[in-house]
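K.L.:
Take this structure, written in structure tokens, and hold onto it; I'll ask about it next.
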Amino acid sequence: MSARLSIVVPLYNEEESVERLVAEVLRVAQSFPFEYELILVDDGSTDGTWEIIERLKESTPPLRAVRLRRNYGQTSAMVAGFEQARGEIIVTMDGDLQNDPADIPMLLEKIEEGFDIVSGWRRERKDPFSRVLPSRIANALISLTTGVRLHDYGCSLKAYRAECVRNLRAYGEMHRFFPALASMTGARITEIPVRHHPRRFGVSKYGFDRILKVFSDIFAMNLIIRFSSVPLKGFALCALPFVGLTLFFAILSILALVYDWTAGKALFFFIATALSAMAAVHLVLLGIIGELVVATSDLSHTRLPELTRRKIDIGNPPCAS
């Protein structure tokens with residue numbers, strides 16, 4: 001296997017783990033018979049994470065690093081890493097060492113078999129039940145709504161063919177949906193069990209607010225997959241109930257005039273007819289605007305805004321084992 005490999009690791013306040021992380025990743029990567037690079041993306045850490053990265057770079061040739069201006073979130077950090085990656089294959093993992101770098105060769109074996117994306121499955125997950133339960137519900141919902149059935153969308157340990165993710169435009173907590181987004185372009189996706197270790201360093205960055213973001217992103221993801229290429233159809237379907245309400249209240253308004261109902265009832269039906277008609281028209285107009293946006297996006301690809309504060313050795317060649 002001669003393809004070059006990029007290992008992308010987002011970090012946020014991981015000063016306790018980053019040095020050991022680099023050591024363990026390089027211990028595994030040094031056995032690869034091809035070129036590789038390790039890209040650390042500091043997502044606006046407020047502790048000593050960046051200073052440790054700068055020190056490690058002096059003695060670690062394969063290490064490259066990107067520092068974001070502030071904490072944008074894991075999705076933006078991953079996308080920043082994808083933009084800098086030079087490998088034909090990109091592996092992502094968490095920086096807290098709950099993912100095991102020793103599982104990377106198993107992911108690469110599946111890529112060699114012809115898959116475009118290989119997703120890790122933390123079958124024996126070492127997290128509290130308060131995190132495992134919402135995760136299982138979210139995984140079931142994502143699989144149901146996207147049609148891409150994976151046990152563990154939230155596992156950061158994944159391998160991608162670079163062309164599958166380099167042009168992804170994502171936000172919120174969308175990094176967990178990368179396999180589903182890539183499936184829209186025909187990517188072949190599989191899943192393998194991987195090890196999962198108890199947290200040894202720092203504290204979890206996941207709270208109740210992040211769980212809410214995940215579930216809101218599931219709704220957004222469903223709209224993207226179903227209607228991104230035909231937004232007018234999607235909004236027109238949403239407008240149908242309001243069209244029905246418009247007809248219903250219009251009939252009642254006519255009856256109110258014919259049978260001389262009370263002025264209060266007649267006024268209510270007139271207002272309800274107008275409001276439901278306005279809602280239907282607005283939804284159709286949004287669909288038309290969506291069609292124009294999609295057409296414009298297809299003609300001119302807009303890059304993500306520049307988020308980077310500083311880079312280390314972005315221009316150097318990758319390391320060969």
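K.L.:
Points 7 angstrom from Cα along the Cβ direction at His151 and Arg195: gap in nanometres?
P.N.:
The modelled label-to-label distance comes out at 1.7 nm.
K.L.:
Residue by residue through the stretch 99-114, what is 3J(HN,Hα) from phi via Karplus (6.51 cos²θ - 1.76 cosθ + 1.60, θ = phi - 60°)? Round to whole Hz and write x for glycine and proline.
P.N.:
Once rounded to whole Hz, the list reads 6, 9, x, 5, 8, 4, x, 5, 5, 5, 4, 5, 4, 4, 6, x.
K.L.:
What's the FRET efficiency of Ala102 with Phe270 using the Cβ-Cβ distance as r and R₀ = 51 Å, to the nearest 0.05? Spell out each step's value before the answer.
P.N.:
On the way: r = 70 Å, r/R0 = 1.38.
Computed FRET efficiency for Ala102 and Phe270 comes out at 0.15.
K.L.:
Compare the peptides 173-182, 190-199 by average per-residue count of other Cβ atoms within 10 angstrom and give them in order, highest first. Walk me through the numbers on the way to the answer.
P.N.:
On the way: 173-182: 24.0, 190-199: 16.5.
Final packing ranking: 173-182, 190-199.
K.L.:
Roughly how large, in nm² to one decimal, is the mean projection of the convex hull of the alpha-carbon atoms in the stretch 5-227?
P.N.:
Numbers: hull surface 44.9 nm².
Spelled out: convex hull of the Cα atoms, projected over all directions, averaged, 11.2 nm².
K.L.:
Multiply the residue gap between Arg20 and Val281 by 0.36 nm, knock off their C-alpha separation, and tell me the result in nm, one decimal place. Numbers along the way, then the final one.
P.N.:
Values: separation 261, 0.36 × 261 = 93.96 nm, distance 5.81 nm.
Going from the current span to full extension adds 88.1 nm.
K.L.:
Oh, and also: Of Gln98, Ser17, Val79, which is farthest towards the positive pole of the stretch 1-111's charge dipole, taken about the Cα centre with +1 and -1 on the beta-carbons of Lys, Arg and Asp, Glu respectively?
P.N.:
Going by the charge dipole, the pick is Val79.
K.L.:
I've got another one for you. Run the dipole for the stretch 5-227 about the Cα centre, Lys and Arg Cβ at +1, Asp and Glu Cβ at -1, nothing else charged, and hand back the magnitude in debye, nearest 20.
P.N.:
Numbers: 30 positive and 31 negative charges, 146 e Å.
That gives the stretch 5-227 a dipole magnitude of about 700 debye.
K.L.:
Tell me, what is the percent relative contact order of the stretch 5-227, built from C-alpha pairs under 8 Å that lie six or more residues apart?
P.N.:
Working: 386 pairs, mean separation 55.3, N = 223.
Contact order relative to length: 25 percent.
K.L.:
Could you tell me which of Leu144, Leu108, Gly154 has its Cα farthest along the dipole of the stretch 92-164 towards the positive end, charges placed at Cβ (Lys, Arg +1; Asp, Glu -1), taken about the Cα centre?
P.N.:
Leu144
K.L.:
A further question on this structure: State the Cα centre-to-centre distance between the stretch 249-293 and the stretch 67-139 in whole Å.
P.N.:
49
K.L.:
Extension gain Ser216-Leu257, at 0.36 nm per residue separation less the Cα-Cα distance, in nm?
P.N.:
Computed gain between Ser216 and Leu257 is 10.3 nm.
K.L.:
Pull out the extension gain between Arg27 and Leu240, defined as 0.36 nm times the separation in residues minus the alpha carbon to alpha carbon distance; nm, one decimal. Don't skip to the end; give the middle numbers.
P.N.:
Working: separation 213, 0.36 × 213 = 76.68 nm, distance 5.89 nm.
Full extension from Arg27 to Leu240 adds 70.8 nm.
The numbers here are math on the coordinates, done by the rules we state, and not lab data. The shown structure was predicted, so the numbers you read here are calculated from the model rather than taken from an experiment. Virtual Cβ from ideal backbone geometry, glycine too; neighbours counted across all protein chains shown.
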